[in-house]
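Scroll down for the structure; my scribbles are underneath it.
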Amino acid sequence: MTDSRAINFGAGPSALPDSVLAEAAKGLLNFQGTGIGIAEISHRSKEFVGFLNDLEALIRIQLDVPPTHKILFTQGGGTGQFSAVVLNLLARHRLLHPELADEQRNLDYILTGSWSKKAAEEARRLGGGKVNIAADARPYSETGKAFQGIPTHDTYAFSPDPALIYYCENETVDGVQFSHDDAAPSSFPFHLLPKDTLLPLVGDYSSSFMSRPIPRIADHAVIYAGAQKNIGPAGLTILIVRQDCIVDVDAAAKLGATPVPITMSYKALADANSLYNTPSVLPIYIAGLVLQRMKDLGGMQYYEDVNKRKAQKLYAVLKEGEEKGVLRGKVKEGSGSWMNVVFDVLGEGAEARFLSGAEAEGMKSLKGHRSVGGIRVSLYNAITEDQTDKLIAYIKKFIAESQ
């Protein structure tokens, strides 16, 4: 690839490996020797169906997905799944408990940032059940209104038999992430979940999928992720759904559940092997190339190690900037994301100076989300350790020049 390519620290659509982009360019002209480009080929051709099956295997092997769960591919991003998980799991709950009224069906949401807040809002909008906020991080922030950390375990209050329990593993906007160390106070409180039931646990992994192993993956009912962070371009959504959650939504509708649009029905997707309608062919192809490269490099263990080092280095220089009064972190220690590191640059005009200086050195898309401002550094899988080191060197220089 050309030397003119910038280092893309954007939060999504985000960086992809140069080698994958080069290979994908070949596939745009000729996919697997068919003489037809990947963006033109039939999604029902044997070549594409075989590729889709290989993609599923690459995910299953690297994440150690158990045989109790199906891997599905769809569209609509994480936001589409805000709706789909509610409709499918309310249908499941209706089939299990047809005698309950809507107000007796609880939907538990853990609020740790902008995306979990939006997910809960969508559940309220759809109706069919009562939204229960099982935990909310905002009251424990400095202002009582911001998302600055993961709630401590003693603040959770789950319903006894909820239709779903939702959490967002990594909050892209706010830079907050659950620890995958069970002993950490910022870990997910699996031990507090209702017992003696197949848990309707929903994990939104949109911005951390395939960056490190998923704790207790078998205990999840649904895990979903948009591809445009770690594994591909926008347009592909990956689902890992436990088979008891793939229910006959039409039968549930006859009992009073909200009808589920056919493209949102997990059963329709599963029965058609993700080919009920035309899937996102090009994003699936690029995701397959990325996942094969990941496997060749060492899979989840390799990426967990590299991503941990990248984050530790960046948080260390952020602490240095805080001590010198140049930078200010936005997230409580122990709750910081490995994927999206957020901070403020202090001083009149300092943020603009920071951004322009970084861009002059070929580092782009560092401006924070419009809702919170500041700086956001996204360290997705395609960002190398060398690229991270280049940013850290720039931050160190900026700190020194700001004294």
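The values are calculated or read from the model by the stated rules, or taken from the named source; none is laboratory data. Small disclaimer: the values here were computed from a predicted structure and weren't measured. Neighbour counts are summed over all protein chains in view; Cβ atoms, including those assigned to glycine, are modelled from backbone coordinates with ideal geometry. SASA here: full protein model, heavy atoms, side chains in, ligands and nucleic acids out. Shrake-Rupley method; radii C 1.70, N 1.55, O 1.52, S 1.80 Å.
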Counting only residues 5 or more apart in sequence or on a different chain, those whose built amide H sits under 5 Å from that of residue 164 are 108
For residue 145, counting only aspartates and glutamates whose alpha-carbon sits under 13 Å away and dropping same-chain residues fewer than eight positions off, the answer is 136, 174
Local charge sum around residue 71 (other residues, Cβ-Cβ under 9 Å, Lys/Arg +1, Asp/Glu -1)? +1
Which residue fluctuates the most in the chain, going by a Gaussian network model with Cα springs under 10 Å, if the choices are 22, 251, 84? 22
Accessible surface of region 17-110, 1.4 Å probe, proportion on carbon and sulfur as whole %: 55
Ordered by packing density, taken as the mean number of other Cβ atoms within 10 Å over each peptide's residues, highest first, how do 159-165, 105-111 rank? 105-111, 159-165
Expected output is a single nm value to one decimal: the length gained when fully extending between residue 389 and residue 68, i.e. 0.36 nm times separation in residues minus the C-alpha distance. What is it? 111.5 nm
Entries of 130/254; 195/332; 70/367 with Cα pairs more than 29 Å apart: 195/332; 70/367
Set of aspartates and glutamates with alpha-carbon distance to residue 46 below 19 Å, sequence-local pairs under 8 removed: 54, 56, 271
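Computed over the Cα atoms, what is the radius of gyration of the chain divided by 2.2 N^0.38 Å, N being its residue count? Could you put the intermediate results ahead of the total?
Working: Rg = 21.7 Å, N = 403, 2.2 N^0.38 = 21.5 Å.
Compactness ratio reported: 1.01.
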At 1.4 Å probe size, with the rest of the protein present, what percent of the exposed accessible area of region 230-321 is carbon and sulfur atoms? 53
Relative contact order as a percentage, region 181-276, C-alpha pairs under 8 Å and 6+ apart, gives 17
Could you grab the relative contact order for the chain? Cα pairs under 8 Å, six or more apart, rounded to a whole percent. 23
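Under a Cβ-Cβ cut-off of 9 Å, what is the net charge of the residues other than residue 256 that fall near it, where Lys and Arg count +1 and Asp and Glu count -1?
+1
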What residues qualify as long-range amide H neighbours of residue 187, i.e. H under 5 Å apart, gap of 5 or more or another chain, H built at 1.01 Å from N? 179
Just to verify a number: what accessible area does residue 369 come out at with the full protein assembly present, 1.4 Å probe, Å² rounded to tens? 40
Ordered by packing density, taken as the mean number of other Cβ atoms within 10 Å over each peptide's residues, highest first, how do 223-230, 339-346, 263-270 rank? 223-230, 339-346, 263-270
Give me the 1.4 Å probe accessible area per residue for region 88-136, excluding ligands and nucleic acids, in Å². 40
DSSP-defined beta bridges in region 148-250 - what % are antiparallel, rounded to 5: 45
Normalise the Debye intensity by I(0) for region 272-403, one equal point scatterer per Cα, no solvent, then take log10 at q = 0.14, 0.15 Å⁻¹ and round to two decimals. -0.71, -0.78
Please give the calculated 222 nm ellipticity per residue for the chain, where each DSSP H segment of at least 4 residues contributes -39500 (n - 2.57) and the sum is spread over every residue; nearest 500 deg cm²/dmol? -11500 deg cm²/dmol
Net lengthening on full extension, residue 44/residue 328 (0.36 nm per residue, minus Cα-Cα): 97.0 nm
So, for region 268-346, what is the accessible surface per residue at a probe of 1.4 Å, expressed in square angstrom? 43
